Amino acid sequence: MNKADPKKFRVKSFGCQMNVYDGERMNEMLVDQGMTRADEGEDADLVVLNTCHIREKAAEKVYSDIGRLRKKDGSTPMIAVAGCVAQAEGKEISRRAPTVDIVVGPQAYHRLPELIARAKTGRKALDTDMPANSKFDVLPVRQKQARPNAFLTVQEGCDKFCTYCVVPYTRGAEISRPWADLIDEAKALVDGGAKEITLLGQNVNAWRGADQSGKDRGLDGLIRALDRISGLERIRYTTSHPNDMTQELIEAHGDVAKLMPYLHLPVQSGSNAILKAMNRSHTTESYLKILQRVRHVRPDIAISGDFIVGFPGESDRDFEDTLEVVRQANYSQAYSFKYSPRPGTPAATMEDQIAPEIMNERLQRLQALLNEQQHAFNRQAVGRTTQALLERKGKLDGQLVGKTPWLQSVHIIAPDLAIGDMVDVDIESAGPNSLAGRLNERIAA
Ligand code: SAH
Ligand code: SF4
Ligand code: F3S
C-alpha cells in the first residue's frame with residue numbers, strides 16, 4: 001500500500017441511490033485522474049467511504065468500517081470519508097477517527113483531487129462547503145457503463161424540512177440541474193450502453209427547468225424529451241414527494257411509452273396528526289387521492305412507499321391508521337423503518353419518544369402486512385409473459401436476474417443470453433421477493 005502516493009482506490013457507497021450515483025461519479029473522476037480501481041479483495045491505497053446519515057445505524061457504520069481498514073501491521077490506506085455523515089459531522093470525524101485523512105461533503109467531492117494532494121503531504125483535508133458553482137460543471141463526462149440500468153441525478157437537496165429528517169441539512173437547498181446538461185448526460189449514458197435510466201432526486205418530482213426553447217417545464221417535460229432518445233428503452237424516477245405530484249406528471253404515466261409503471265411515493269404515516277407533526281404537508285386523504293388518479297391513467301401501476309413507525313407521540317390508534325392506509329393503497333413493495341432520532345432535527349427533542357419494544361412490535365406488524373401485499377402482487381404475474389431487462393448474473397450456473405417493468409426481480413436460466421438483453425419471460429412462480437420463469441421461445445425466435 002502506498003498512502004503517500006495512492007494509485008489504487010476503492011469507493012464504498014452506503015446510502016440511497018443518489019449516494020450510489022455520487023459514488024459512481026467519484027469512481028469516474030479518480031480514474032480520470034490516472035488512478036485505477038482496486039479489484040475485489042485487492043488492497044487499495046485510497047478508500048473512499050461514501051456515507052449515509054439518514055438513521056443512526058447507517059451513520060455509525062462508518063466508524064466500524066474505518067476501524068476495519070487497519071492492517072495487521074498497524075498501517076492504514078489513505079481514508080476519505082465522503083457523503084452525508086461527512087457533511088453532518090465534519091471535524092468530529094477526524095477527532096473520533098484520527099486515521100481519517102480526508103473529509104468531503106456531497107456537494108464538494110469534485111475537489112477530491114486537491115484534497116488527495118493535500119493529504120499526500122501528511123496534512124488533514126476537510127471540505128464541507130456547498131459551493132455555488134456546481135460539481136456537475138467540473139466532473140468528467142460519463143464513461144461506459146458496466147450495467148444496463150443507469151442512475152442520473154437531476155435534482156438535489158430538499159426544502160421540505162420534515163421534522164425527523166437530516167437531508168435538508170446534509171444536502172442543502174433544492175436545486176434542479178439544467179435541461180441541456182441532463183439531455184447530454186442521458187445521451188452519454190445511452191451511448192455507453194445504458195438501456196434504462198432512473199432519474200434521481202431527494203424530491204425528484206420538484207425538478208423544474210427551461211427546455212431548449214426557453215419554456216418552463218416540469219419533470220414530465222424532461223421525461224417526454226428523454227422518451228425520444230433512441231436506444232433508451234426504460235425511464236424511471238425516484239423519490240417523489242406527494243406535494244409535487246403534478247397532473248402533468250400523472251398524465252405522463254398514461255401516455256409515455258418508455259415510462260415504467262412504477263411509482264415510489266412515500267407517505268410515512270397514515271395518521272393525519274402524525275403527518276402534521278412530521279411537517280409532511282399532505283394528508284392521508286390527499287395521498288390516497290393521488291394514487292387513485294395515477295391508477296386511473298395507468299391501472300397496472302406498481303405503487304411503492306416509505307414508512308416510519310414510532311415517530312414521537314405515535315399512539316396505537318395512529319399506528320392502526322397507518323395499517324389502514326396500507327390496506328387502501330395496496331403496495332407492490334415498500335420500505336419501513338423504526339424512527340431514529342437525528343441530532344439537530346426538531347423531532348429529536350419532541351416529547352413522547354416511543355419505547356424500542358413498541359417500535360419493534362409495530363414494525364413487525366407493518367412489515368407482515370407489506371410482505372403479504374408484495375407477495376400477492378408478485379403472484380399476479382404467474383402465468384403471464386413479461387418483459388425483463390437482464391441486469392446481473394444469478395447464483396446458479398447460467399442464471400441471469402432481470403427486472404420487470406414493475407421493478408420485480410425475475411430469475412431465468414438462460415446460458416445464451418447476456419446482461420443488458422431485453423427479453424420476454426413466461427413467469428412460472430412467485431416468491432415474496434422475486435419471480436422465476438423461462439425465456440419465451442416463441443417471441444425470442
Ligand atoms: N426524500 C424522500 C426520502 C428521503 S430519506 C422522501 O421524502 O420521501 C428515505 C426514507 O428514510 C424516508 O422516506 C423515511 O421513510 C426514512 N427516514 C428519514 N429520516 C428518518 C429517521 N429519522 N428515522 C427513520 N427513518 C427515516
Ligand atoms: Fe427528508 Fe422530508 Fe425532504 Fe424527504 S421530503 S428528504 S423525508 S425532509
Ligand atoms: Fe443517506 Fe444522504 Fe441519501 S443521508 S439517504 S445518503 S441523501
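The values are calculated or read from the model by the stated rules, or taken from the named source; none is laboratory data. Note that the structure is a prediction, hence the values are computed from the model and not measured. Please note: Cβ atoms are built from the backbone with ideal geometry, for glycine as well, and neighbour counts cover all protein chains shown. When the accessible area is computed, the model is the full protein with side chains, heavy atoms only, and any ligands, DNA or RNA have been set aside. Shrake-Rupley method; radii C 1.70, N 1.55, O 1.52, S 1.80 Å.
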Worksheet, complete the sentence: Between Q247 and V141, the FRET efficiency computed from the C-beta separation at R0 = 35 Å comes out, to the nearest 0.05, as 0.50
Worksheet item: Who wins for biggest fluctuation among Q292, Q374, Q408 in a Gaussian network model of the chain, springs between alpha carbons below 10 Å?
Response: Q292
Worksheet item: Which value, in debye to the nearest 20, describes the size of the charge dipole of the chain about its Cα centre when Lys and Arg Cβ atoms bear +1, Asp and Glu Cβ atoms bear -1, and nothing else is charged?
Response: 780 debye
Discussion item. I want to check the label-to-label distance for D191 and K124. Put each point 7 Å from Cα in the C-beta direction and report it in nm to one decimal.
Written reply: 4.3 nm
Discussion item. Given the options F307, A355, M29, identify the residue whose Cα lies farthest towards the positive end of the charge dipole of the chain (+1 on Cβ of Lys, Arg; -1 on Cβ of Asp, Glu).
Written reply: M29
Worksheet item: Quick one: putting +1 on the C-beta of Lys and Arg, -1 on the C-beta of Asp and Glu, what dipole do you get for region 8-127 around its Cα centre, in Debye to the nearest 20?
Response: 440 debye
Practice prompt. Run through the DSSP bridge list for the chain and note the antiparallel percent, rounded to the nearest 5.
Written response: 35 percent
Discussion item. Which one, V297, L46, V20, is farthest towards the positive end of the dipole of the chain when Lys and Arg carry +1 and Asp and Glu -1 on their Cβ?
Written reply: L46
Worksheet entry | GluC sites (Glu not before Pro) lying in DSSP loop within region 340-445, provided at most 10 other Cβ fall within 10 Å | E351
Item to complete: Compare the Cα positions of V425, C158, H253 along the charge dipole of the chain (+1 at Cβ of Lys, Arg; -1 at Cβ of Asp, Glu; about the Cα centre) and return the one farthest towards the positive end.
Response: C158
Fill in: Estimated inter-spin distance, T385 and D181, nm [label 7 Å along Cα→Cβ]
4.4 nm
Worksheet entry | Isolated Cys residues of the chain, judged by Cβ distance under 4.7 Å to other cysteines | C16, C52, C84, C158
Worksheet item: What size of dipole, in debye to the nearest 20, comes out for region 135-379 about its Cα centre when the only charges are +1 on Lys and Arg C-beta atoms and -1 on Asp and Glu C-beta atoms?
Response: 660 debye
Discussion item. Just to be sure I understand the model, the point goes 7 Å from the Cα along the line to the Cβ. What's the resulting T283 to Q212 distance in nm?
Written reply: 4.5 nm
Fill in: Restraint check, K160/K195; K8/K72; K160/K338; K7/K144, Cα-Cα greater than 24 Å
K160/K195
Worksheet item: Given springs between every Cα pair under 10 Å in a Gaussian network model of the chain, which of N203, N243, N149 has the largest fluctuation?
Response: N243
Worksheet item: Taking all protein chains as present, what is the carbon and sulfur share of the accessible area of the chain, in % to the nearest whole number, probe 1.4 Å?
Response: 49 percent
Worksheet item: Within region 389-413, what residues put their amide N at less than 11 Å from the label point 7 Å along the Cα-to-Cβ vector of E428?
Response: 412-413
Item to complete: Identify the trypsin sites (Lys or Arg not before Pro) of region 72-168 meeting these criteria: DSSP loop state and at most 15 other C-beta atoms within 10 Å of the C-beta.
Response: K72, R123, K124, K144
Fill in: Computed [θ] at 222 nm, helices only, for the chain once each DSSP H run of length n ≥ 4 contributes -39500 (n - 2.57)
-10000 deg cm²/dmol
